[in-house]
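Note sheet for the following structure.
The values are calculated or read from the model by the stated rules, or taken from the named source; none is laboratory data. Keep in mind it's a predicted model, so treat the numbers as computed, not measured. Positions of Cβ are generated from backbone atoms using ideal geometry, with glycine treated the same way; all protein chains shown enter the neighbour counts.
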């Protein structure tokens, strides 16, 4: 990513994993050789028969077996909403972005939810375990773990009585694999089944490999791994922890032949608000680094980057070790570098900037203070004696910058004086972060980064004009660092289905993604960013109360700006275009923010809802840095395919999010990328948007504004779905 600053000579390569070769060696562990990947067709048929899944109802691809019953997976007992007045009032606030499918009105049956009974743990384990054994797929060295999806709902009736229900809507069995007593994690080590209240299977996922021990490899010490993890996160004061695991890539990565040991990394970082000095602990998204430097199994990358003519970047890489051939994923300031698959790249950097507005406040006599948000320090304040003057003059007054806000004192005694902000018309000196991650043919990935001094012309990236009804937006503050692969995975997956999801309305990456993207005017530009897209995806570090953003002053990858739930105005989200807000961020939808309080997710984030249909997030820590687009499906890929009906079934927003989260990663009690959660409002007549599909893929519920046109409270309650043991 371009970082504004003085032009400097090319900096030395920062190899993400290169320092390991000099770290203190630890004990040894075997690599494991794959002897069978996934289920064979007869085994899949036998497992389906044991769980009463019809022969044509499941999908078997590359040994991965999937079954979803869309009508019953994560189903809640519902009733139709037939009150014509309720429907009419809600339709007045709703823009149907796909008129061929009418707006859907339904409500939760509170009594039926309270009365639901799901299969017991022993029953579910026995049924699933017996089916796996009879199919010859019984997991070796694995322990079954039982969780439940819980639906909680609260609603204030017209007579001011309160309806409340909280109950499990399914029972889920997932297996935790181990090798030598060490956890096996990842999308290639997931065996899961969900059973609905009637005992029938509603979801099945089998993605596991059969393995035998292979050669021994020497482990990197935990101390060396911790040091590398700190560098990987880029957070100066991060408290990092590492855990030894085996990582299993997705079965869609068909060339995986061995599993090696890795370190699973996580931790926290303290972020100080630059204005209030308040300190916030932020949970770092989990990531993986190889636990050995053995060149037979782990590739090494040497990257060199330089400038061409001072305005272009040229970079190339030499990769050795591991298992060739290699896949390449480049990152930098242009948003689509990930589409270049080769070992060499040449491009023109970009320096994106967000439009900003001037605020004015009184100062001394005959003077005033002009202020504007400008973290990169790019905007120039100009003045003119009249609007018809062709040549504006740059203010020569001293500009003071503090915490990303520029201020200048002006003379107000002169009549007819006009002011504006202008970006430089000539290139400015900047530092470009050139990033590269490579994955070898065995699914092992490493990376490198280098800073290069360049000259770049700043440019505003927001689109103008009326946004299309069906579209999407991306806010990924760490897209050139830790989350580069997730950013590339999300955007490439959405771009694969333009007929369904429409165009990308906005893309805000490192330094340009800021809290103001989600804050209503006059203190933010939410109406020009988040609220111009139907579906907004955020990827970054967070906690139950906050998500974070980067700053050029703190450096690449370091959490700096914090958007807390208390920073949001009442009714920020959904007043215009935004229908769904998906956050790949740690604990943002945790049930409580403090073990000693009852501060629930809807109490934290609910006040920001003003037409937003739902928030999709995680109750637990989530993980990041997954293999994307180079050989295997990622969390983002599975989520997008689920929404688009390209994974075998057309799923609701909630079903697609939960299925993707639980099948593609190692975190959380469910065994997936993290324990997913889903939050939305309940409106007049009990109307909710629990079963929303993406526009055009199935029914969508109405827009529920925070208030009616007459100022009455329109949001009468909340629903919240989460995973628990």
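At a glance:
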| item | result |
| --- | --- |
| Residue match in the range 39-58 (condition: touching a strand residue (DSSP E or B) at 6+ places or on another chain (Cβ under 7 Å), modelled with pLDDT of 95 or more and part of a strand (DSSP E or B)) | no |
| Test: residue in the range 292-306 that is within 30 Å of residue 401 (Cα to Cα) and in contact with a strand residue (DSSP E or B) (Cβ under 6 Å, 6 or more places away or on another chain) | no |
| Those strands (runs of 3 or more DSSP E) lying entirely in the range 181-284 with at least 1 residues over 21 Å from residue 439 (Cα atoms) and at pLDDT below 90 | 239-247, 261-272 |
| Some residue of the range 481-503 being at pLDDT 90 or above, in a strand (DSSP E or B) and either touching a helix residue (DSSP H, G or I) at 6+ places or on another chain (Cβ under 7 Å) or not assigned by TED's automatic domain parsing to the domain that holds residue 347 (or both) | no |
| Answer from 134, 96, 109, 160 - the residue that is over 30 Å from residue 27 (Cβ atoms) and at pLDDT below 95 | 160 |
| Subset of the range 505-537 [within 24 Å of residue 378 (Cβ to Cβ) and part of a strand (DSSP E or B)] | 505, 506, 507, 508 |
| Given (1) within 30 Å of residue 455 (Cβ to Cβ); (2) touching a residue at least 12 places away in the same chain (Cβ under 8 Å), index of the condition residue 363 fails | (1) |
| Test: residue in the range 61-77 that is buried (at least 17 other Cβ atoms within 10 Å of the Cβ), in a helix (DSSP H, G or I) and free of Cβ contacts under 8 Å to residues at least 60 places away in the same chain | no |
| Selection within the range 688-718 - in a strand (DSSP E or B), surrounded by fewer than 23 Cβ atoms within 10 Å (Cβ to Cβ) and at pLDDT 95 or above | 717, 718 |
| Enumeration of residues in the range 552-567 that are within 15 Å of residue 509 (Cβ to Cβ) and in contact with a helix residue (DSSP H, G or I) (Cβ under 7 Å, 6 or more places away or on another chain) | 557, 561 |
